[in-house]
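Notes follow the structure.
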Amino acid sequence: MKNLSIVFALSTVFASAVLWAEPVTCLSPDGRAVVTFDLTAVGEPTYSFAFRGETVIAPSKLGFDIKALGADAFDGRKAADLRRDFVLTDVKRATADETWKPVWGEEKEIRDHHNELLVALVQKTTGRRMNVRFRVFDEGLGFRYEFPSEEDKGVARLVPGQQIVPQGQTQPLTHFTIVEERTRFNLPCDPLAWWIPADYETQEYRYTNSKVTEIPSLFKGAPDANLSTTLTPVPCVQTALMLKYPSGLLVNLHEAACVDYATMHLKVDGHDFESYLTPDATGAKGWLQTPCRSPWRTVICGAKGADILSSRLTLNLNEPCALADTSWIHPVKYVGVWWTMITGAKNWAYKPDPTMHAANTTNVIRHLDFAAEHGFDEVLVEGWNIGFEDWFGKEKDAVFDFVTPYPDFDLEGLNAYAKKKGVKLMMYHETSASTRNYERCLDAAYGLMKRLGYDSVKAGYVGNILPHGDHHYSQWSNNHYLYCIKEAAKRQIMVNQHEAVRPTGLCRTWPNLIGNESARGTEYESFGGNNPDHTTILPFTRLIGGPMDYTPGIFEADLSKVCSWKKQFISTTLCGQLALYVTMYSPLQMAADLPENYEKRLDAFQFIKDVPCDWDETRYLEAEIGDYLTIVRKAKGKDEWYMGSKCDENGHKAKITCDFLTSGKTYTATIYADAPEARYGGPTADRYVITKREVTRETVLDLVAQPGGGWAVSFK
């Protein structure tokens, strides 16, 4: 990656505390966004944030409740307070303007342009130091806490002419646990929210749209909440959270670069929020040692939906790529032995009935042949290895070894056959959420992959985290997920994690993390269904932190034709499924249906074959959260564009001007549209019409998506 331009302007001020009696502000590069830091009369750190003259976050307190460890760990004191009695000892400012190139992404270059404010605080009663770093972008704000090392004398303990802490009474902060992070997001109004209830184990919920003040009364009655025993004990919501203020302003709250830290939920307090971290098995919400820092807390703002979707603030707050060589990382389009098991037609397990085992050599060869014929990169095979008879709900420490195949899966032979066909097999590691066992087996499991030439793995974490009592989003679990990504990178392996923590932009630093699930995906079309508006919400929420392996492409809407006892239809149209390859961004895209269901509709399947997974440019043409969105993207290194539009149960009509096309050129537009009678959730969901026409940048297309449907267009 090459920096095209970078400018740093630093100014440091050292003076007595009285110089900071007034609030300290920092504006975004264009001046439209401003953060204000202040201390209350009792030394409580606060911040506020405004965007285009409108208050987004009213004055809100910052800080922690902690327990110090070490020499003073057993002196009987209760939780220490890192929320008041602070003085401001230092202010630093910086400006950065950098353009970087992602290994893969929605565009070939990303600009990081922000102004930075660092405030250094010392607690008068203890001498403990806590810094808060703000980065202000034209579209929003990121801020984090930083705890300097006690050996770091970069910030003076004494203000000139004034001793902050009486001699001999300092209480150095080295090792400590977080009782709770007390970051508040005080809202100036009661906005609409698109939310899912906070849960320590899963993000796989349907969304509720309500006023923020209505969340507590709806919390336990939210869709799917009655199925969970691991909701937060007080009403909280998960991030990324979308809000719509009465003025129409859209606001997104999330976090970035969650490393060695617990995942944040937002506790509802009237129409305000306070951070609520995921605890570990001991109840602690973090074990830290200075120097250390928190993830960034993020606020993204926009006048329209496209402003939110086009923000790269989350990625920009992550560290640059940690890998010197990324030539082995590539987008992946794949098929797999998956949907037949998800629908219930076949099993993951070999016993008690081997004839029902889906991951057999014959079936895998069928998928390899299909992938080779239609130009797919890889074939995922779930259920290939021993252990699936004795895993789910048993909470056993060691179920899988990740190297031993079932008797009907010819590991070596299939690998040789795949190579002959020019296709790779994608490894599947179901960990049964036993993180300790997976780490014990990781070297052998990754070693097998390297020996056989596998370059990607889908890792699943179904079930309760083992060892017992921990949670999917605790500090320890988050460290495990990142450990696996780092170990995979050492062996040039790409990782797709399911049931893991929701992304916070770490794919910038570790681009071998090419996919996550971390939300309710296509599999739920077989588990009761997703709402038609589900995929018009996810780009504003789940995808803010990184791409999702949503596994789209279901062509046979009538699931009884896949599994005879499954009397159910999926909740989108066929063209709505095609649209997801554009609207649900991921460098990892699956054609999730059975090969035979594609072979019946090869004309529509052509769009899945054509659409890339990597892009030079993206434009958000329309975006109304929960209603519809239309996105067009330019293929990496080609003058080809691909458009997708997905809508809710109300359908959608639009006039799309093709002014994204190159001036003076004529393109062939292949339009995949819902037939007039197409409707989600019924026997006409698979009806579509394909038309072709010549277009230029002056052409206006009249396009219609039927209820639950969408359209897809290729421009060549």
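The values are calculated or read from the model by the stated rules, or taken from the named source; none is laboratory data. Predicted model, so just to flag it, every value in this text is computed and none were measured. Note that each Cβ is placed from the backbone with ideal geometry, even for glycine, and that neighbours are counted across all protein chains shown. Surface accessibility is based on the protein's heavy atoms, side chains included, excluding ligands, DNA and RNA. Shrake-Rupley method; radii C 1.70, N 1.55, O 1.52, S 1.80 Å.
If a/c stays under 1.5 just call it rounded; otherwise compare a/b with b/c (prolate if a/b is bigger, oblate if not). Do that for the stretch 478-520, with a ≥ b ≥ c from the square roots of the Cα gyration tensor eigenvalues.
Numbers: a/c = 1.70, a/b = 1.63, b/c = 1.04.
Because a/c hits 1.5 or more and a/b exceeds b/c, the stretch 478-520 counts as prolate.
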Inset, instruction - Would you list, by chain and number, the lysines whose Cα falls below 19 Å from the Cα of K267, excluding same-chain residues fewer than 8 positions away? - result: K61, K211, K220, K244, K285
Inset, instruction - Can you list which of the chymotrypsin sites (Phe, Trp or Tyr not before Pro) found in the stretch 552-609 are DSSP loop residues with at most 11 other C-beta atoms within 10 Å? - result: W565
Inset, instruction - Could you sort 478-484, 445-451 so that the peptide with the highest average Cβ count within 10 Å comes first and the rest follow in order? - result: 478-484, 445-451
Inset, instruction - At a Cα cut-off below 18 Å, give the aspartates and glutamates reachable from K653, other chains included and same-chain residues fewer than 8 away excluded. - result: D533, E622, E624, D627, D674, E677, D702
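By the scheme Lys and Arg +1, Asp and Glu -1, what is the net charge of all other residues having a beta-carbon under 15 Å from that of S28? List each step's numbers first, then the result.
On the way: positive: R32, R52, R93, R111, R135, R312; negative: D30, E54, D97, D112, E116, D138, E139, D307.
So the environment of S28 carries a net charge of -2.
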Inset, instruction - Would you mind telling me the share, in percent, of accessible area of the stretch 312-444 contributed by carbon and sulfur at probe 1.4 angstrom? - result: 54 percent
Inset, instruction - First select every other residue whose beta carbon is under 13 angstrom from the beta carbon of T213; then total the charges, Lys and Arg +1, Asp and Glu -1. - result: -3
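Can you tell me the order of 397-409, 674-686 when each peptide is scored by its average per-residue count of other Cβ atoms within 10 angstrom, highest first? Before the final figure, lay out each step's value.
Values: 397-409: 16.9, 674-686: 19.3.
Output ranking for 397-409, 674-686: 674-686, 397-409.
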Legend entry - Spacing of the two label points (7 Å from each Cα toward its C-beta) at R32 and V704, in nm: 3.6 nm
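By the gyration tensor of its Cα atoms, with a ≥ b ≥ c the square roots of the eigenvalues, what is the shape of the stretch 197-299: rounded for a/c under 1.5, prolate for a/b over b/c, or oblate? Intermediate values should be presented prior to the final figure.
Details: a/c = 2.19, a/b = 1.29, b/c = 1.70.
It comes out oblate by the Cα gyration axes.
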Inset, instruction - Determine the calculated [θ] at 222 nm for the chain from helices alone, applying -39500 (n - 2.57) to every DSSP H run no shorter than 4 residues and normalising by the residue count; nearest 500 deg cm²/dmol. - result: -4000 deg cm²/dmol
Inset, instruction - Relative to the longest principal axis of the C-alpha atoms of the chain, give the angle of the C-alpha long axis of helix 574-583, reported between 0 and 90° and rounded to the nearest 10°. - result: 40 degrees
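What is the sum of charges around D648, taking Lys and Arg as +1, Asp and Glu as -1, for the other residues whose C-beta is under 12 Å from the C-beta of D648? Before the final figure, lay out the partial values.
Details: positive: K646; negative: D533, E624, D627, E649.
My count for the surroundings of D648 gives -3.
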Inset, instruction - Quick one: compute the contact order of the chain, relative version, from alpha carbon pairs under 8 angstrom and 6+ residues apart, as a percent. - result: 11 percent
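Rounded to the nearest 0.05, what FRET efficiency do K609 and K61 have when you use their Cβ-Cβ distance and R0 = 41 Å?
Numbers: r = 54 Å, r/R0 = 1.32.
With R0 = 41 Å, the Cβ-Cβ based efficiency is 0.15.
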Legend entry - Relative contact order %, the stretch 573-716, counting alpha carbon pairs below 8 Å whose residues are six or more apart: 32 percent
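Assign one of three labels to the stretch 506-644, namely rounded, prolate or oblate, based on the Cα gyration tensor with a ≥ b ≥ c the square roots of its eigenvalues; rounded applies when a/c is under 1.5, prolate when it is not and a/b is larger than b/c, and oblate otherwise. Before the final figure, lay out the partial values.
Numbers: a/c = 1.65, a/b = 1.39, b/c = 1.19.
Prolate shape, in that a/c is at least 1.5 and a/b is the bigger ratio.
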Legend entry - Relative pair counts by distance (%), Cα atoms of the chain, 10 Å bins: 3, 14, 24, 26, 18, 9, 4, 1, 0
Legend entry - Cα centroid of the stretch 444-466 to Cα centroid of the stretch 178-251, whole Å: 33 Å
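Rounded to the nearest percent, how much of the accessible area of the stretch 495-623 (1.4 Å probe, protein heavy atoms only) is carbon and sulfur?
Exposed carbon and sulfur together represent 50 percent of the surface.
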Legend entry - With all protein chains modelled, accessible area of K419 [1.4 Å, Å²]: 130 Å²
